[in-house]
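Remarks on the structure that follows.
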Amino acid sequence: MTAQPVAAPAAAARSGAWAPPDARRWLQLGLAVLWVLDGVLQYQSFMFTKAFGQMLAGSSGGNPAFVADPVRWAAAIIAHSPVTTNAAFATIQLALGLGIAWRPAVRVALAASVAWAVAVWWLGEGLGGVLSGSASPVTGAPGAVILYALLAVLIWPASSPAGPGPFVAARPLGVAAARSMWVVLWGSLAYFSVTAASRTAQGLHDMIAGLAGGEPGWLAAVDRGVAGVLARHGLPASIALAVILAAIAAGIFLPARGARVAVALAVAVALVIWVVGQDLGEVLAGNATDVNSGPLLALIALAYWPLRRPVPAGPPGRAAEEAAS
């Protein structure tokens, strides 16, 4: 009997040898890098002052009491002991990133990152403003930190009982559940694009123009240029963005070739928003706590990139037919 070929990564894992990263592992490493970067940003001198707690308290504005009160409570604790609390926050985020990057700790670190992200989304971001009426995908809705939790779930190191699945996110969840999460994410972004904060004549103009202060000259010039184009055109621009995001949401149900187009469009939209709507997360302005939602949306989209399925071993004629199909 002829032995069946064994996948190199699986064989290497059983033998204890180093295995090259697969698509899911690359996404895990991408998430690890973002957590480490967040930890580094948290060590900025601004974060060790009372101003950091005051900044967090601002996220309570416009929220219902069950969101706003815990936010103000957490902000008061941070403002009272900014050095101790911020050092703890920064260290936790560094530990999460390093844990995800270290294979033996990846499951524990991913689980911890979900718990931490949900807590920060509520107590630090006021649920990303989704209940305040001010949320917009251009400025980071539904909140960057909750996207860390979503990505951790999508790249969890587990395999679906039905097989490897057509994309990375289908492995831990199954195809139907993963596609449902895609629709909820991109569909909600389409909805937030046409809320009151975005669809006014000057809504998008004001969001982007307000970013220019404190940014390098070239990025401030981009802000002013884009804001000038959007002046008095907030409604049509927000509708156009909503249509694009809704098309991305529906595109995951297309055959592989069409799904790749939808995923590629999602990555492109995420990166454009990150540059012209989020100023690279404002990391160059010196007061950013994270990189905002753009890079997270791009990584989430890549978790849905349709994978080429291996051709089963068998008679040459059958293999050729299955490859052609």
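The values are calculated or read from the model by the stated rules, or taken from the named source; none is laboratory data. Computed from a predicted model, the values in this text were never measured in an experiment. Cβ sites come from the backbone with ideal geometry, for glycine too, and all protein chains shown count toward neighbours.
It is to be established whether one or more residues within region 78-95 are at negative phi, in a loop (DSSP other than H, G, I, E, B) and surrounded by fewer than 20 Cβ atoms within 10 Å (Cβ to Cβ). Yes, region 78-95 contains at least one residue that is at negative phi, in a loop (DSSP other than H, G, I, E, B) and surrounded by fewer than 20 Cβ atoms within 10 Å (Cβ to Cβ). Evaluated against (1) more than 23 Å from Asp279 (Cβ to Cβ); (2) more than 16 Å from the chain's Cα centre (by Cα), Val114 falls short on exactly one condition, (2).
With respect to Ala75, is the statement that it is in a helix (DSSP H, G or I), hydrophobic (A, V, I, L, M, F, W, C) and in contact with a Lys or Arg (Cβ under 7 Å, 6 or more places away or on another chain) true?
Working: in a helix (DSSP H, G or I): yes; hydrophobic (A, V, I, L, M, F, W, C): yes; in contact with a Lys or Arg (Cβ under 7 Å, 6 or more places away or on another chain): no.
No; evaluated as a whole, the condition is false for this residue.
Taken together, the criteria place Gly214 among residues that are more than 21 Å from the chain's Cα centre (by Cα) and in a loop (DSSP other than H, G, I, E, B). Among the candidates Ala141, Ala176, the residue that is hydrophobic (A, V, I, L, M, F, W, C), closer than 30 Å to Phe46 by Cα and either without any contact (Cβ under 8 Å) to a residue 12 or more places away in the chain or in a loop (DSSP other than H, G, I, E, B) (or both) is uniquely Ala141. Would you check if Ala115 is more than 30 Å from Thr200 (Cα to Cα), at pLDDT 95 or above and assigned to a helix (DSSP H, G or I)? So Ala115 fits the description; yes.
Filtered by the rule that a residue be at pLDDT below 90 and under 27 Å from Leu131 (Cα atoms), region 164-192 gives no residues.
The residue of region 193-248 that is surrounded by the most Cβ atoms within 10 Å (Cβ to Cβ), among those that are in contact (Cβ under 8 Å) with a residue 60 or more places away in the chain and polar (S, T, N, Q), is Ser198. Looking at region 306-324, can you tell me whether even one residue there is farther than 27 Å from Pro166 by Cβ, at pLDDT below 95 and either out of contact with any Leu (no Cβ under 9 Å at 6 or more places or on another chain) or of a type in the set (Asp, Glu) (or both)? No; the residues of region 306-324 include none that is farther than 27 Å from Pro166 by Cβ, at pLDDT below 95 and either out of contact with any Leu (no Cβ under 9 Å at 6 or more places or on another chain) or of a type in the set (Asp, Glu) (or both).
Being of a type in the set (A, V, I, L, M, F, W, C) and either touching a strand residue (DSSP E or B) at 6+ places or on another chain (Cβ under 8 Å) or in contact (Cβ under 8 Å) with a residue 40 or more places away in the chain (or both) is the filter here, so list the residues in region 112-127 that pass it.
Going through region 112-127, the residues of a type in the set (A, V, I, L, M, F, W, C) turn out to be 112, 114-123, 127.
Hits for region 112-127 are Trp122, Leu123, Leu127.
Between Val168, Val184, the distinction of being in contact with a helix residue (DSSP H, G or I) (Cβ under 8 Å, 6 or more places away or on another chain) and of a type outside the set (D, E, K, R) belongs to Val168 only.
Residue-wise test of (1) at pLDDT 90 or above; (2) part of a helix (DSSP H, G or I).
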{"position": "Val153", "(1), (2)": "yes, yes"}
{"position": "Pro157", "(1), (2)": "yes, no"}
{"position": "Val194", "(1), (2)": "yes, no"}
{"position": "Ser198", "(1), (2)": "no, yes"}
{"position": "Gly228", "(1), (2)": "yes, yes"}
{"position": "Ala240", "(1), (2)": "yes, yes"}
{"position": "Ala246", "(1), (2)": "yes, yes"}
{"position": "Phe253", "(1), (2)": "yes, no"}
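Residues being closer than 16 Å to Ile155 by Cβ, modelled with pLDDT under 90 and in a helix (DSSP H, G or I): count how many of those fall in region 1-42. Let's see the steps before the verdict.
Quick first cut of region 1-42, residues closer than 16 Å to Ile155 by Cβ only: 9, 21-35.
Then drop every residue that is not modelled with pLDDT under 90, which leaves 9, 21.
After this cut, where a residue has to be in a helix (DSSP H, G or I) as well, the list is 9.
Here the count works out to 1.
Among the residues making up region 56-98, those that are farther than 30 Å from Leu29 by Cβ and in contact with a Phe, Trp or Tyr (Cβ under 6 Å, 6 or more places away or on another chain) are Pro82, Val83. For region 254-313, a tally of residues being touching a Phe, Trp or Tyr at 6+ places or on another chain (Cβ under 9 Å) and on the phi > 0 side of the Ramachandran plot returns 4. Filtering Ala220, Ala266 for residues that are at pLDDT 95 or above, of a type in the set (Gly, Ala, Ser) and in a helix (DSSP H, G or I) leaves a single hit, Ala266.
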